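Reviewing the structure listed below.
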Amino acid sequence: MIGLDIKYNILEPSYQYIRKKHNSDKILIFEKGSLLFVFNFHHANSYQDYDVYLKSSKKINVVISTDDFDFGGHGRVHHIEYDTSKVDDFCSKVKLYLPSRTAIVFEMIA
């Protein structure tokens, strides 16, 4: 996380936009700068093809995932470039796999 702050300045005071907060799914998704943070706090439920809405962006890349082997995870999050589909002039959508008890940070590419 310190490396994330050094590269993207995530700790500086700037606006963050909460995209989704779902209590029963235990999902929190927010944007800060060019990063998209996706948290799945559920202890048992992983979500396949979960709709994630974000500001207009064509692609997103995984920057860091707590499910990586380096962090003691299971390596279920693929570090690939995800294509988004345009919803309207202000919003895009991507379907993601969200393993249980993980946090994933994506970089949004305009």
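When the alpha carbon coordinates of segment 1-109 are projected onto the principal axes, the ranges are 36, 31, 27 Å, largest first. Only Cα pairs within less than 10 Å get springs; with that Gaussian network setup on the chain, which residue of L98, L35, L11 has the largest fluctuation? Result for the chain, Cα springs under 10 Å: L11 fluctuates most.
Protection proxy ranking, highest mean first, for peptides 15-21, 50-56: 50-56, 15-21, where packing is the per-residue count of other beta-carbon atoms within 10 Å, averaged. Among the listed pairs K7/K93; K7/K95; K32/K93, which have their C-alpha atoms separated by more than 21 angstrom in this model? As for pairs spanning more than 21 Å Cα to Cα, those are K7/K93; K7/K95. Comparing Y82, Y53, G72 along the charge dipole axis of segment 16-109, the residue lying farthest to the positive side is Y53, per the Cβ-charge model. Cβ-Cβ distance of F69 and K93, R₀ of 35 Å, FRET efficiency by 1/(1 + (r/R0)^6): the value works out to about 0.75.
Taking S34, S24, S46 in turn, the Gaussian network model of the chain (Cα-Cα springs below 10 Å) assigns the largest fluctuation to S24. Over segment 28-82, the fraction of Cα-Cα pairs per 5 Å bin, rounded to whole percents and listed from the shortest bin up, is 4, 14, 25, 30, 18, 7, 1. Across I64, I80, I29, mean-square fluctuation computed from a Gaussian network of the chain (C-alpha pairs under 10 Å connected) peaks at I80. Close amide H pairs (under 5 Å, H built 1.01 Å from N) link G73 with D68, residues at least 5 positions away or on another chain. Listed by chain and number, the aspartates and glutamates placed with their C-alpha closer than 18 angstrom to that of K58 are E31, D49, E81, D83, D88, D89, E107; residues fewer than eight positions away on the same chain are left out. Modelled this way, with points 7 Å down the Cα-to-C-beta line, the labels at D51 and D5 are 3.6 nm from one another. Pairs of Cα atoms nearer than 8 Å and 6+ residues apart set the relative contact order; for the chain it is 30 percent.
Computed from the coordinates by the stated procedures, all read-outs in this text should not be read as laboratory data. Note that the coordinates shown come from a computational prediction; the quantities given were computed from them, not determined experimentally. Positions of Cβ are generated from backbone atoms using ideal geometry, with glycine treated the same way; all protein chains shown enter the neighbour counts.
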